[in-house]
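Here the structure is laid out as structure tokens; the discussion comes afterwards.
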Amino acid sequence: FHTAPIRSVLRLRPVHFLVATGGGYAGYRQYEKHKEKRLQNLGVEALPRVASDWEVSLYKSVPTRLLSRAWGRLNSVELPTWLRKPVLSLYIWTFGVNMKEAAVEDLHHYRNLSEFFRRKLKPQARPVCGFHSVISPSDGKILSLGQVKNCEVEQVKGITYSLESFLGPHTNKESSKGKPLSCHDSFQKQLVTKDSNELYHCVIYLAPGDYHCFHSPTDWKVSHRRHFPGSLMSVNPGVARWIKELFCHNERVVLSGCWKHGFFSLTAVGAQNVGSIRIYFDQDLRTNSPQYSKGSYNDFSFVTSNNHEGIPMRKGEHLGEFNLG
Amino acid sequence: STIVLIFEAPKDFSFYVKPGQKIRFGEALGSL
């Protein structure tokens, strides 16, 4: 060690550091699991273990946006025709993609994984329910749903996040002006336009192999877009159970407007390697850009002289897509 | 990725799906 030239000692240092921190953290997690198991043996219901602030900061310090852009650039490189089938077949096999539903089943048609990720489905593969007022805007798995209570939205059972942090301050100042602002008049009450109504939410998680376009969940008018640049942490159910306010940390695009019962919003939340969000009628939207200032957001209104209430969307209409990168 | 719907509706709005359930685009989520 003493005789090794200085640069090899420096080269070894980062490896040592990574191994030491990784090993130490793994040991800490093992100890936590052992503690939970002991509590369970004693019949004490262990609350879901939520990450502490330093763990969230450690996770957020990982350059997920940079990695995501690099991943997106890598997957935008055009593959030679002979390589397309093996590469895409590996992805199909790994994530259980059902190619029979794809509008184009021939894998040679997709020049790279990014194009494959944006694949469309055969129209008859997803019939739109004509009877019920709210349909699923995408394929996926329901993480949580129900009424929003005390301005807190459930991300998974037992873990919540703040409605106001997630949507940001009110866009239409009239509604808050219209109502007498009193101490109990919370952010939530100002959203709901009729006292006889409640506020509901539904969280849908899209797995890597799922169809990644999304559609309008009901007949409504989109009047406003708010883009929050942010982290790109994983949003899989395990992480959603571990990091409170996860959806308030991540890059997301909030579309808000109204439907027949009042306020309506759809938010697309980006994730690790899927940092780019496209809204087909919003050409100005740029997500996962290299520079952004923490906690910032940018607004855009779709209300124009022609569309006084915003852009009309029919239930099931194409609305946007998630992209790699 | 994740999609979050937040909307107002009358008190008798009910969901037809449950947490943990797989869902596909176009299927009913809920209604009055």
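Laboratory data are not the source of any read-out in this text; all were calculated from the coordinates shown. All values derive from a computational prediction rather than experimental measurement. Backbone-built Cβ (ideal geometry, glycine too); neighbour counts: all protein chains shown.
Quick check, is A:Leu232 surrounded by 22 or more Cβ atoms within 10 Å (Cβ to Cβ), over 17 Å from A:His170 (Cβ atoms) and more than 9 Å from chain B (Cβ to nearest Cβ)?
yes
Could you list, in sequence order, all residues of the range A:183-204 that are surrounded by 23 or more Cβ atoms within 10 Å (Cβ to Cβ) and not β-branched (Val, Ile, Thr)? Give the derivation first.
Narrowing the range A:183-204 to residues surrounded by 23 or more Cβ atoms within 10 Å (Cβ to Cβ): A:191, A:202-204.
Selection gives A:Leu191, A:Cys202.
Name the single residue that is nearest to A:Arg314 (Cα to Cα) among those in the range A:101-140 being assigned to a helix (DSSP H, G or I) and within 14 Å of another protein chain (Cβ to nearest Cβ).
In this case the residue turns out to be A:Pro123.
Which one is farthest from the other protein chains (Cβ to nearest Cβ), of the residues in the range A:301-316 that are exposed (fewer than 13 other Cβ atoms within 10 Å of the Cβ) and not small (Gly, Ala, Ser)?
The extreme case among them is A:Asn306.
Give the number of residues within the range A:205-224 that are away from chain B (no Cβ under 11 Å) and either in a loop (DSSP other than H, G, I, E, B) or crowded, with 23+ Cβ neighbours inside 10 Å (or both).
So the count comes out to 3.
Filter chain B down to residues that are under 11 Å from the mean Cα position of the chain (by Cα) and more than 7 Å from chain A (Cβ to nearest Cβ) and give me whichever is nearest to A:Cys129 (Cα to Cα).
For chain B, the residue satisfying everything is B:Tyr16.
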